[in-house]
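In what follows, a structure is listed as structure tokens, so that the remarks can point back to it.
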Amino acid sequence: MASKENPAQDKSVREEKPSIQSRLNDFLRKNRAAVIALFAAVLLVVAAAALWTIVGERIDSRAAQALEKAKASLQEWYGMEQGPAATEKANEILAALDSIRSKYGKRYAAQKALVLAGRVRARNGDWTEAEALFRQAADLKKDSLLAGFALQEAAVAAEERGDPQAAIELWTRVAGLPGFAVGVPHAHFALGSLYEEAKQYDKAKAEYDKLTASFPDNDWTKLARNRIILLKSQGLLP
């Protein structure tokens, strides 16, 4: 036969739940102020996070509008003939971009403004200033995709101003960027070309070999293979 439950035990189990609830009520009564303060603190954190998000979105929206206006002015400037009017327009654009850069700190808009300012300087042939602006853009947010493109443009500017060592340093940085496959093939080829100009043919071949090994179907790879063949035919490589 199944054993019957002990009535005394059953009663004690039933009485245990009110006892726990009673202890909880006592705790809340004794610590009412602390509980209210904790609840208020949680609400304050949630409200602050929501406010921060709203403010951030508004700042990003204003930054985007300022950038679009600058880009529109830039397109207009590209279509202008060289002369006093174009020079004045370029100065206006540079002032607007500098305002965006100073206003938006380390946000995307500030980084993009530096890149656009660098392009204005580059188009005017001021390669030293262009390189400096591109470097600033790359260093502002080093892990961003835009940083990789800024480094490429800085490297080109260094080449244009006739500083192969600076160009090698910059292209080496591009080649070492993680997850930046877009610019890496170009970087290896550019490094190979620079080493060729310095008559460091072994280093040039090393860069071309890296390119062909990592990016066998890339257009830059085809050029690299042709360079290796030419260097060998000239007796500059074994």
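The values are calculated or read from the model by the stated rules, or taken from the named source; none is laboratory data. Since the model is a prediction, treat every value here as computed from it, not as a measurement. Every residue, glycine as well, gets a Cβ built from its backbone with ideal geometry; the counts of neighbours run over all protein chains shown.
So that you can scan it fast, the table gives a plain yes or no per residue for (1) surrounded by 15 or more Cβ atoms within 10 Å (Cβ to Cβ); (2) assigned to a helix (DSSP H, G or I); (3) at pLDDT 95 or above:
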residue: Ile54; (1), (2), (3): no, yes, no
residue: Glu57; (1), (2), (3): no, yes, no
residue: Glu88; (1), (2), (3): no, yes, yes
residue: Ile100; (1), (2), (3): yes, yes, yes
residue: Gly105; (1), (2), (3): no, no, no
residue: Leu116; (1), (2), (3): yes, yes, yes
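Only one residue in Gly183, Gly176, Gly192 is loosely packed, with under 15 Cβ neighbours inside 10 Å and not acidic (Asp, Glu). Which one?
When all the criteria are applied, what remains is Gly176.
Which of the residues belonging to segment 169-188 are touching a residue at least 12 places away in the same chain (Cβ under 8 Å) and closer than 16 Å to Trp127 by Cβ?
Leu170, Trp171
Looking only at segment 144-169, how many residues end up being surrounded by fewer than 18 Cβ atoms within 10 Å (Cβ to Cβ), out of contact with any Asp or Glu (no Cβ under 8 Å at 6 or more places or on another chain) and either within 27 Å of Lys106 (Cβ to Cβ) or polar (S, T, N, Q) (or both)?
Residues meeting the conditions: 5.
Any residue in segment 157-171 that is modelled with pLDDT of 95 or more, out of contact with any strand residue (DSSP E or B) (no Cβ under 7 Å at 6 or more places or on another chain), closer than 27 Å to Ala66 by Cβ and of a type outside the set (S, T, N, Q)?
Yes, some residue in segment 157-171 is modelled with pLDDT of 95 or more, out of contact with any strand residue (DSSP E or B) (no Cβ under 7 Å at 6 or more places or on another chain), closer than 27 Å to Ala66 by Cβ and of a type outside the set (S, T, N, Q).
Of (1) touching a Ser or Thr at 6+ places or on another chain (Cβ under 9 Å); (2) more than 30 Å from Leu97 (Cα to Cα); (3) surrounded by fewer than 22 Cβ atoms within 10 Å (Cβ to Cβ), Arg121 satisfies all except one. Which?
Here Arg121 clears every test but (2).
Hey, does segment 63-77 have a residue that's part of a loop (DSSP other than H, G, I, E, B), of a type outside the set (Gly, Ala, Ser) and surrounded by 12 or more Cβ atoms within 10 Å (Cβ to Cβ)?
Among the residues of segment 63-77, not one is part of a loop (DSSP other than H, G, I, E, B), of a type outside the set (Gly, Ala, Ser) and surrounded by 12 or more Cβ atoms within 10 Å (Cβ to Cβ), which makes the answer no.
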